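Working notes, beginning with the structure itself.
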Ligand code: TGC
Ligand code: FAD
């Protein structure tokens, strides 16, 4: 009998272990829809937006129409997608640019999530549908100038005055700050840390944009100032007290970043792989040299492990078994992976690698923020270290 030979096709370049086959049909369909949006609407404009230091706000209504704002929340006109779906959305958006993914992260995970999880029914009904529609833009004010890693040391205060609260202080490095209609602001009170909904036009509330950034140039970063801002009691988030409130929001956003970083890395890797095939040096394509192949293989290995890590993280989140230290390890691993891939891709491009016409330098510069915000790499190492040893080294 003649033995039959099965011809197995080689792996897909950007998905070496066929992680996509582990996604459901719905998850694949959402990935495809967001990928099309990124190819058609983000990639044609993003290099210019980055160079011009401009957030492409014209995309907000399209992101909303696609149901991407707060898409893993239930009810209140939110799409109610799974956390894995939210993950693939973040991955595709960041394949375009971390600035676009940041906008969606802040709106959904840092602003809509706390209202959804900790807000009164009135707050949810008033704000969430408008935020899902992109009619109200949010920002999240936790970091202060004197040390973002230690938010427990915040000096912004809210003091009771009759039925109202009086808010004083400032916040630094706040995404979307100057364009936000609504700020979720965390402040110390006599009763511990509480969250407040501060509206743009409230007297005493001002914002200022951070200029001259060399990272996340297609995203808005701002300072927020509160000078005796009078807030009605109804603007406080009633169902959370203490640092676990803002830290719980960070877990949601860090989860999305663990996926998003894979998108940045894929964009750099696929571009430099094509370049290496056509760049002829010493009489042969760069891709035919052992060193270039080792570097490309190493990028692919790192991306593949990050893809699998992100998917398992998402499945655990959907099952409700995820611990925040696992999110810390994934954010740390995947952002470090993406930054290393982007830097190496930039180098393989030679001088062309310093031009914004190729994406690695843009992603590399963005990732210098991503590795700092939502908990620096060191903070996540120490969170994992604390989980392993039971001793806090902060
Ligand atoms: P610690 O004692 O550890 O915790 C206080 C309470 O919070 C609970 N908790 C968490 N809950 C949910 N998720 C987490 N990730 C949590 N981490 C801690 C904890 O169980 C405890 O609860 P309870 O009920 O016992 O009170 O607090 P600590 O003061 O020791 O701080 C720990 C540390 C250093 C890990 C924390 O402060 C931290 O994560 N620091 C980093 C701050 C940070 O990430 N800031 C990000 C600001 S927002 C941002 O960057 C947005 S960028 C957005 C974009 O553009 O995409
Ligand atoms: P620091 O806390 O001063 O840290 C400085 C260095 O010390 C870091 O290398 C850190 O790893 C290290 N370090 C800290 N603690 C320890 C320790 N115990 N042991 C050893 N080393 C340590 N914040 C918001 O609230 N909302 C936002 O929307 C937001 N958007 C941002 C957008 C951008 C573009 C950027 C860059 C930041 C944003 N941030 C935002 C702020 C961000 O979360 C903080 O920058 C971050 O948490 C780090 O705080 P820091 O910059 O004050 O650094």
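The values are calculated or read from the model by the stated rules, or taken from the named source; none is laboratory data. Bear in mind that the values here come from a model prediction, so they are computed numbers and not experimental data. Quick reminder, even Gly has a Cβ in these numbers, built from the backbone with ideal geometry, and neighbours come from all protein chains shown.
This table checks each residue for (1) within 10 Å of ligand 1 (Cβ to nearest atom); (2) under 28 Å from residue 66 (Cα atoms).
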{"position": "99", "(1), (2)": "yes, yes"}
{"position": "121", "(1), (2)": "no, yes"}
{"position": "128", "(1), (2)": "no, yes"}
{"position": "141", "(1), (2)": "yes, yes"}
{"position": "148", "(1), (2)": "yes, no"}
{"position": "157", "(1), (2)": "no, no"}
message: Need the failing condition index for residue 164 against (1) touching a strand residue (DSSP E or B) at 6+ places or on another chain (Cβ under 7 Å); (2) crowded, with 24+ Cβ neighbours inside 10 Å, just the number.
response: (2)
- prompt: Out of 209, 190, 201, which single residue is in contact with a strand residue (DSSP E or B) (Cβ under 8 Å, 6 or more places away or on another chain) and either farther than 21 Å from residue 102 by Cα or near ligand 2 (Cβ under 10 Å from one of its atoms) (or both)?
  reply: 190
- request: Within segment 101-119, track down each residue that is within 11 Å of ligand 1 (Cβ to nearest atom) and within 17 Å of residue 65 (Cα to Cα).
  value: 101, 103, 104, 105, 107, 108
- prompt: If you go through segment 364-386 one residue at a time, do you hit one that is closer than 18 Å to residue 17 by Cα, touching a residue at least 60 places away in the same chain (Cβ under 8 Å) and more than 16 Å from ligand 1 (Cβ to nearest atom)?
  reply: no
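Okay, residues lined up against (1) modelled with pLDDT of 95 or more; (2) more than 24 Å from residue 45 (Cα to Cα); (3) in contact with a helix residue (DSSP H, G or I) (Cβ under 8 Å, 6 or more places away or on another chain); (4) surrounded by 19 or more Cβ atoms within 10 Å (Cβ to Cβ):
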position	(1), (2), (3), (4)
66	yes, no, yes, no
98	yes, no, yes, yes
101	yes, no, yes, yes
105	yes, no, yes, yes
128	yes, yes, yes, yes
field: Hits in segment 212-227 - residues which are surrounded by fewer than 14 Cβ atoms within 10 Å (Cβ to Cβ) and more than 12 Å from ligand 2 (Cβ to nearest atom)
entry: 212, 227
- prompt: Has segment 332-347 got at least one residue that is part of a loop (DSSP other than H, G, I, E, B) and either out of contact with any strand residue (DSSP E or B) (no Cβ under 7 Å at 6 or more places or on another chain) or within 21 Å of residue 105 (Cβ to Cβ) (or both)?
  reply: no
